Structures are given as C-alpha cells and as structure tokens.
1. Starting from the Kirkwood radius over alpha-carbon pairs of segment 7-291, derive D by Stokes-Einstein at 25 °C in a medium of 0.890 mPa s and give it in µm² s⁻¹.
2. Taking the dipole about the Cα centre of the chain, with the C-beta of Lys and Arg at +1 and of Asp and Glu at -1, give me whichever of Ile196, Ser172, Thr63 is farthest to the positive side.
3. Tell me which DSSP H helices of the chain clear both cut-offs, 24 Å or more of axial length from alpha-carbon atoms and a mean Kyte-Doolittle hydropathy of at least 1.6.
4. Provide Phe87, Phe167 in ascending order of the number of other Cβ atoms located within 10 Å of each residue's Cβ, fewest first.
5. In the chain, what % of DSSP beta bridges are antiparallel (nearest 5)?
6. Looking at segment 169-265, what % of its DSSP beta bridges pair antiparallel, to the nearest 5?
7. Of Met36, Trp8, Trp147, which is farthest along the charge dipole of the chain in the positive direction, counting Lys and Arg as +1 and Asp and Glu as -1 at C-beta?
8. Considering only DSSP states other than H, G, I, E and B, which GluC sites (Glu not before Pro) in segment 119-222 qualify as loop sites with at most 16 other Cβ atoms within 10 Å?
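Just so you know, all these numbers are worked out from the coordinates, no wet-lab data involved. No experiment lies behind these values; they were computed from the predicted model shown. Using ideal geometry, Cβ is built from the backbone for each residue, glycine included, and neighbour counts are taken over all protein chains shown.
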Amino acid sequence: MHQPHRLWATSDIHIDNQENYQLLLDLSDQAYRNDMLIIAGDVTDNLQKLLDLLTAMQEKFLTVAFVPGNHELWLTDKTHQHSIEKFEAILAACDELEIVTRPVRFGQTDQSIWVVPLFSWYEQAPDKPASLFAPKHGVIDKTDELWRDFFLTKWPDSLELSIAEYFLELNSENLALSYDDPVVSFSHFLPRQELIYSNTTERRQNPLNRDDPYPEFNFSRVAGNWDLDKQIRDIGSRLHIYGHQHRNRTREIEGVTYISHCMGYPIERKSRHIARDAEHPRLIWQPDTGFTC
Ligand SMILES: [Fe+2]
Ligand SMILES: [Fe+2]
C-alpha cells in the first residue's frame, strides 16, 4: 500500500522518565515507514541513552532529525571536559547514525519541503538585545539558584562569543543555502519573547496553562534568543517548531507559524499543564493537504 511522506514533531521527551520512553517505544513499527520525525531537544543528558532512543526512532521512521537541548549538554559524568565537547560528540554520533542535524529536503519530487535544524542557546545577559528577559516585579528572583544548567553545564574559557552567539554562528551555513521549497525550521529554544506567555485563547482552552506557577523563577532569563528569530526569517521559514518551556502553543506571528509540542514530564500531563495529545508526536505536514496548521 502506498504511504505518504509525512512530517511529525515532538520535543522534550525526557526519556529518563520510563513512561515517556515506553510511549515512544510503543509507536507503531509500520505506520511511519515513509515519515520524518523532528525531535527538538531535551531527550536525556545520558549520551548512550540518547543514541539508543534515536536509533529506536530511526527503526520506525524513514528519517529522524534532531537538535540538542540544554539537558543534552549537562555534564553528569566525567566523559567530556565541557559542554561544547559533548555537543560535538553528539553531532558526530548523529552523523554516524545518519540522524539529520543539517538541512534536508523531504517528501516526493513534486511535493516536498525543506527541514532546517537550527542550533541555539538562550542569551543569558539580560541587557543584550537578543535576550528574551522580562523583569518580574515584587518578587525575589532566585533563578540563579534554581536553574540546573548553571550547575551542570561548563563552557570553555576560550569562548569569545556568548554561548547563545556561539550556537547561532553554527547555523551560518544553513543561512547561506537557497531553499526552493517551503521551509520548516526547528530549534530547542524559544525565538520570541511573546511565546513565553499564554494568550487569552490558550487560557480559555486550558485554564491550567498558567504563566507563572513559580514566581521566584524567571523563565525569561533562560528561554531563548531574539536573534534566532532573525535566522528563522532569513531562511524564509513558513513554520518553526520549538520546545524547552513545556507549554504547548500554536501561534502565527508576522507570517510564521510557531509550534511547541513538548511531551514534557508525566506529572505535567497528569496535572493537565500539558495536554494528553502531547504523548504522541504532532502531524505537521503531509503531501496533498500540505501543512496541518
Ligand atoms: Fe525540557
Ligand atoms: Fe530545555
């Protein structure tokens, strides 16, 4: 039977939670054989477990595309000296497994799209124009004490750029390509400040989609990077997938549709901060009918 080439997306699958891992392993071995799966970061900090998961998904999907999130760059053992060394080891292992980390055309000859992975990190300095920082008034900011990246990542002293600038710079080859079909891009981090906050429609659909369950933690400090949005627009992206916040949204902003479809932690689905449909990757594009949103 002819099966179409479909594009699916997920992120923040956090497979150290066995329930999440099992949900992915339980995906059909037959239904996605012509399809592509985007995994937009935050699988696990354990490199071997990451590669096992990517291999398992590759056995189900025709193509798997991946960018590391912040959890992948945590140094939880002594294998790597710093987080960039671990990042490079992840990319090398992905190349060996033929996991896509660079732009690729997907579909059939008469109906295809470009899928463009974009590496990123959040701009941490609140006074830099690329930062998504928004101050919270009337609370003590304990983000520095609460955010585990600050304890579990390590960066080389020789890094001349900010961490955020370093990762965006890696995308320069992708920006130089010319894309002759519609572009779907994806990153782990958020490309725009307004995506941090729920809007009226989202609050109506899910009253639990609160903006601020932890007042002393200011997520905007570690959310993303405005310069990532410039790259998304430079390559003419029609649709951008992102993750990281564990707040799922679909928003059209100035001609680009932004989608977050994080699987998140089991507790977040049980408490309905994340809808149950995030247990399964989201259909993004298919031939004939095109984009699903
Ligand atoms: Fe995550
Ligand atoms: Fe993340």
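1. Using the Kirkwood radius from Cα pairs, D works out to 128 µm²/s.
2. Farthest towards the positive pole: Ile196.
3. Once both thresholds are applied, nothing remains.
4. Least crowded to most crowded, the residues run Phe87, Phe167.
5. Here the antiparallel bridges make up roughly 40 percent for the chain.
6. The antiparallel proportion sits near 35 percent.
7. With unit charges placed on the Cβ atoms, the residue in question is Trp8.
8. Answer by residue number: Glu160, Glu216.
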